[in-house]
Amino acid sequence: AGPGLLFDVQITNPGPAAQSFDLTINLAAATSRHARWGWAVPRDEDAAGRFSATALDHGQALLLRDSSNHLANCFAFERKPDELLVQGHSGQARWRVALQPRTAFTIRYALAFGSEGDAVHALAGGWAARFDSVFAQVQADWQQRFEAMFSPTNDFFSGSLPVLVTPDDALRR
């Protein structure tokens, strides 16, 4: 577990003819650190420009670092891109896809973020390597958190939401 996102992208060819194309995903970091967060969502217009990009794991991961703020983001792919380009402050992953009629192509990747490049690289790489189990765990974790909202003395919240007691099935649902 850790801070990050999982992406599961499926491209389908529903047509009667084969299709060939390049699938490109732009990879950028615009995370920033804020000492004080008031009522408005803070926007750091210059955040993305402070990051440097490095391809890792023979083109299977991209690490983005902002050494001035001790921030790091790492994209790691379950299926290695055919090409992983480093473009200054960002990157681009590209797959050459040939889809027969009524078939699909799936790209699954993880983005981990934090303060240490080595740690987010390890986290994203681990998620990408075990994508199915990590993805399934997300649903279980959110279900546990949802149920905790209605349970006194839970591990997530200092209180709990009230439970409606009614014989009306539709209203109770």
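Each value in this text was obtained by applying a stated rule to the coordinates, not by laboratory testing. Quantities reported herein were computed from a predicted structural model and do not represent experimental measurements. A quick note on method: Cβ atoms are made from the backbone with ideal geometry, for glycine too, and the neighbour counts reach across all protein chains shown.
A few points about this structure:
- The slack between residue 36 and residue 115, meaning 0.36 nm per residue of separation minus the straight C-alpha distance, is 26.7 nm.
- 0 to 90° range, to nearest 10: angle between helix 131-148 axis and the chain longest Cα axis: 20 degrees
- The distance between label points at residue 155 and residue 142 comes to 1.9 nm (points 7 Å beyond Cα on the Cα→Cβ vector).
- Student exercise, segment 1-95 dipole from Lys, Arg, Asp, Glu Cβ charges, in Debye to nearest 20: 260 debye
- Between the beta carbons of residue 164 and residue 106, assuming R0 = 35 Å, the FRET efficiency works out to 0.30 to the nearest 0.05.
- Using the Cβ-Cβ distance between residue 12 and residue 80 with R0 set to 25 Å, the FRET efficiency from 1/(1 + (r/R0)^6) comes to roughly 0.70.
- By the helix-only formula, in which each DSSP H run with n ≥ 4 contributes -39500 (n - 2.57) and the sum is divided by residues, the chain has a 222 nm mean residue ellipticity of -6000 deg cm²/dmol.
- Residue among 138, 163, 97 with the largest mean-square fluctuation in a Gaussian network model of the chain, springs linking Cα atoms under 10 Å: 163
- Cα-centre dipole for the chain with unit charges at Cβ (Lys and Arg positive, Asp and Glu negative), debye to 20: 200 debye
- Segment 49-89 versus segment 134-173: alpha-carbon centroid distance in Å: 37 Å
- Note on residue 135 and residue 94: with the Förster distance fixed at 25 Å, the Cβ-Cβ geometry gives a FRET efficiency of about 0.60.
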